[in-house]
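The values are calculated or read from the model by the stated rules, or taken from the named source; none is laboratory data. Remember, predicted model here, so these are calculated numbers, not experimental data. Note that each Cβ is placed from the backbone with ideal geometry, even for glycine, and that neighbours are counted across all protein chains shown. Ligands, DNA and RNA are stripped out before the accessible areas are found, and what is left, the full protein with its side chains, is counted by its heavy atoms. Shrake-Rupley method; radii C 1.70, N 1.55, O 1.52, S 1.80 Å.
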Amino acid sequence: MTAIEVALGDITRERVDAVVTAANESLLSGGGVDGAIHRAAGPELAEAGAAIAPCAPGDAKATPAFGLAPVKYVIHTVGPIWDGGAYGEAELLASCYRRSLAVADELGVRRIAFPAIATGVYGYPPGEAAAIAVRTLRETRTGVELIRLVAFDEETHELLEAALVGHPGRV
Ligand code: ADP
């Protein structure tokens, strides 16, 4: 049984086995949550990312978490760049969550934290993204025991909570 929780705060403070980052295809440090995770993990994270890059949109790849200990792994996933919604964005975003869990399973991860992938610089509408995140995580078979959806702002937090209880949230 997998539990899904919603939290508000900085994902770099999460004490879980794996933290997911909203990366770009190069797996070098980006802005937003990826920048925060790279700063917390240290420069080895970008070196390890470069060694396994590129990562296609919708895919996920893992590296050690370096200075983010006690977190063991960073799972880098690349969201879709929002372009109006008719270009497969929803399927790519769902794939980010599915692939991240598959990679987590390969690594034996029991507790994982996700940010709101693609809802920052990549421009995905946060309400739709929250619904996709919750639906996809619920539909995916996994050995992960705890999934924490970490929002960085109140609006995202509310939208994720609404998605979790099955109501479409305000967008
Ligand atoms: P993307 O390029 O995939 O859109 P961003 O990093 O720009 O990724 O934004 C994704 C989400 O991560 C946004 O909701 C943003 O507010 C959030 N975010 C930014 N910094 C942090 C952080 N330190 N912890 C958790 N979430 C964060």
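Annotations
- The chain: mean projected area of Cα convex hull, nm²: 8.5
- Taking GluC sites (Glu not before Pro) as exposed when their DSSP state is a loop state and no more than 16 other Cβ atoms lie within 10 Å, the longest site-free interval of the chain runs over 26-144.
- Each helix, a run of at least 4 DSSP H residues, gives -39500 (n - 2.57); summed and divided by the residues of the chain, these come to -11500 deg cm²/dmol at 222 nm.
- Calculated FRET efficiency for the pair Glu91/Met1, C-beta based, R₀ 25 Å, to 0.05: 0.40
- From the largest down, region 109-171 spans 32, 24, 17 angstrom on the principal axes of its Cα atoms.
- Bridge type composition, the chain - antiparallel percent by DSSP, nearest 5: 20
- Taking each residue as 0.36 nm, the span from Val165 to Leu8 lengthens on full extension beyond its C-alpha to C-alpha distance by 54.9 nm.
- Using a cutoff of 8 angstrom between alpha carbon atoms and counting only pairs six or more residues apart, the relative contact order for region 1-103 works out to 28 percent.
- Mean projected area in nm² (Cα convex hull; one quarter of hull surface) for region 34-125: 5.8
- Taken about its Cα centre, region 109-150 carries a charge dipole of about 200 debye when Lys and Arg each add +1 at the Cβ and Asp and Glu each add -1 at the Cβ.
- Heavy-atom accessible surface of the chain: percent carbon and sulfur, 1.4 Å: 53
- The magnitude of the dipole of the chain, with charges of +1 and -1 set on the Cβ of Lys/Arg and Asp/Glu and taken from the Cα centre, is near 440 debye.
- For region 89-164 versus region 7-52, the gap between their alpha-carbon centres in whole angstrom: 16
- Among complete DSSP H helices in the chain, those whose alpha-carbon atoms stretch at least 18 Å along the helix's long axis and whose mean Kyte-Doolittle hydropathy reaches 0.0 are 126-139.
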